[in-house]
Amino acid sequence: MGKSRSTRRGGAGAPEAVVEAVDGGLAELIPDRERARAWTLLIDGAPQSYVALDDPAYLSFEYQRRLGHVIDLVAPAGKPIHVVHLGGGALTLARYVAATRPRSTQQVVEFDAALVQLVRRELPLDPNARIRVRSTDARAGLAKVPEGWAELVVADVFSGARTPAHLTSTEFLDEVRRALKPGGFYAANLADGPPLAHLRGQIATVAARFAERALIADPTVLRGKRFGNAVLVASDQPLPLAELTRRAASDPHPGRLQHGRELTDFTGGAVPVTDAAAVASPAPPPSVFR
């Protein structure tokens, strides 16, 4: 998509919304009327990210808070880490790592180059943050990460509100494992609704490649009552289950953690997904964003 002009709208003296066509659709940066220098990014009407420029450690979206808990627990508090973010959005989680773990080194892979330009212009990064953004396909970008480089790989990739098929397979997870240090963590933001076939398949896929895994989600999502997000965490070392459980339960929108036999039972008869059989995650119903 060629370069397109931004439009701005807003009342006198109030921050203006920024609307601009990007590669993935129509991007909107909507100012938060309750918090200064804070913005929500929407793509084609679907909320993607929330950024508080003056408080980058503030995470508004529930799934981002759950990923934030993982970031907090992959290493001792404040210790710099190497992180790969597949999917950038407004770079909320990269900003969070930079704020809570100074001197961390991060690689962000975001396919939408026009979105990256918009975010860099309107929501500039701390110039001292060690964040490199690469505009390419997530799996192609992951393949360029040196072997054993990352303590954490975060997958939060959506195209048209769906996770692309090639980021759901065992072959994709082989690339994740290659990029991770021994004992490193993988965390994925997944979205699904009843009958939760995609989510169950992703758990089975991760189980084929990692010894330990846990799932955090709203209980109503786990019961198949509504469409929503779930965070899947995996590693070859024991996960910080007690602390993850406590933090998820104490969120403004409490989440439930499943692991072990309970998670295996939840997975049911799902089988690992391969490249040959992979499909994109289901599209959310229109009511999700109303």
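Worth a mention:
- Residue check, Leu118 within 26 Å of Pro238 (Cα to Cα) and either open to solvent by less than 10 Å² (accessible area, probe 1.4 Å) or within 16 Å of the chain's Cα centre (by Cα) (or both): no
- Output for segment 193-202, where each listed residue is open to solvent by less than 40 Å² (accessible area, probe 1.4 Å) and more than 16 Å from the chain's Cα centre (by Cα): Gly193, Leu196, His198, Gly201
- Among the residues listed as Leu173, Leu239, Leu180, the single one being open to solvent by less than 40 Å² (accessible area, probe 1.4 Å) and touching a helix residue (DSSP H, G or I) at 6+ places or on another chain (Cβ under 8 Å): Leu173
- Candidates Gly78, Gly89 - the one that is part of a loop (DSSP other than H, G, I, E, B), small (Gly, Ala, Ser) and surrounded by 21 or more Cβ atoms within 10 Å (Cβ to Cβ): Gly89
- Candidates Thr267, Thr220: the one that is in contact with a helix residue (DSSP H, G or I) (Cβ under 9 Å, 6 or more places away or on another chain), polar (S, T, N, Q) and at negative phi is Thr267.
- Those helices (runs of 4 or more DSSP H) lying entirely in segment 193-290 with at least 2 residues among the small types (Gly, Ala, Ser): 197-207, 241-249
- Subset tally (residues that are part of a loop (DSSP other than H, G, I, E, B), charged (D, E, K, R) and more than 16 Å from the chain's Cα centre (by Cα)) for segment 121-175: 3
- For segment 131-148, the criterion of being on the phi > 0 side of the Ramachandran plot and at pLDDT 95 or above is met by at least one residue.
- Selection status of Leu244, within 17 Å of Pro272 (Cβ to Cβ), crowded, with 22+ Cβ neighbours inside 10 Å and touching a residue at least 12 places away in the same chain (Cβ under 8 Å): no
- Whichever residue in segment 236-290 is basic (Lys, Arg) and under 20 Å from the mean Cα position of the chain (by Cα) and, among such residues, is nearest to Gly184 (Cα to Cα): Arg247
- Looking only at segment 92-113, and only at residues there that are assigned to a helix (DSSP H, G or I) and in contact (Cβ under 8 Å) with a residue 60 or more places away in the chain, the one that is most open to solvent (accessible area, probe 1.4 Å): Ala113
- Applying the criterion of being surrounded by fewer than 16 Cβ atoms within 10 Å (Cβ to Cβ) and among the hydroxyl-bearing types (Ser, Thr, Tyr) to the residues of segment 249-290, the residue that is farthest from Ala214 (Cα to Cα) is Ser287.
The values are calculated or read from the model by the stated rules, or taken from the named source; none is laboratory data. Predicted model, so just to flag it, every value in this text is computed and none were measured. Note: ideal-geometry Cβ built from the backbone for every residue, glycine included; neighbour counts use all protein chains shown. Note: areas computed on protein heavy atoms with side chains; ligands, DNA, RNA excluded. Shrake-Rupley method; radii C 1.70, N 1.55, O 1.52, S 1.80 Å.
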